[in-house]
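Asker: Dropping a structure here in structure tokens format, bear with me for questions.
Each reported figure results from applying straightforward, stated rules to the coordinates on display, with no laboratory input. Since we're looking at a predicted model, the values are computed, not measured. In this analysis, Cβ positions are derived from the backbone assuming ideal geometry, glycine residues included, and neighbour counts consider all displayed protein chains.
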Amino acid sequence: MAFQLHCDTAQKIKSKKKYQAGFTALELLVVLIIGLIIIAWGASRIDRLFSKSKLSEGLSDVNLLLVNTKDLKTNSGYGAPGTDLAPLLISTNGIPKNITVTDGVPYGKA
């Protein structure tokens, strides 16, 4: 009797496995929708990554300008009041590479 019960249970398990061989269309659809939601969420946040990069680049440029300007200081200071230090920074390559110089005036990116 116990052997018969065990065989019947094994046959029921095998018959259920025949019907569960793979994903249903509904399961695949749910997975695709969840995947698309995750991709859309990531795409909406990518602009924040680039804006942080631009901010970091701008801070790096300002820091480099400060360091290079401090290097221009002599024993008597930076020169007479109102002295334009831009030509000195340009001549000593003290302007960062991504800042353009037009007619002796440095311009940063917008």
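Asker: What is the calculated FRET efficiency for Val105 to Asn75, with r their C-beta to C-beta distance and R₀ = 30 Å, to the nearest 0.05?
Answerer: Numbers: r = 28 Å, r/R0 = 0.95.
That gives a FRET efficiency of 0.60.
Asker: Now a separate question. Answer rounded, prolate or oblate for segment 40-108, using the Cα gyration tensor with square roots of eigenvalues a ≥ b ≥ c: rounded when a/c is under 1.5, else prolate when a/b is larger than b/c, else oblate.
Answerer: prolate
Asker: Tell me which residues come under 5 Å, amide H to amide H, from Val101 once H is placed; ignore anything under 5 positions away on its chain.
Answerer: Tyr107
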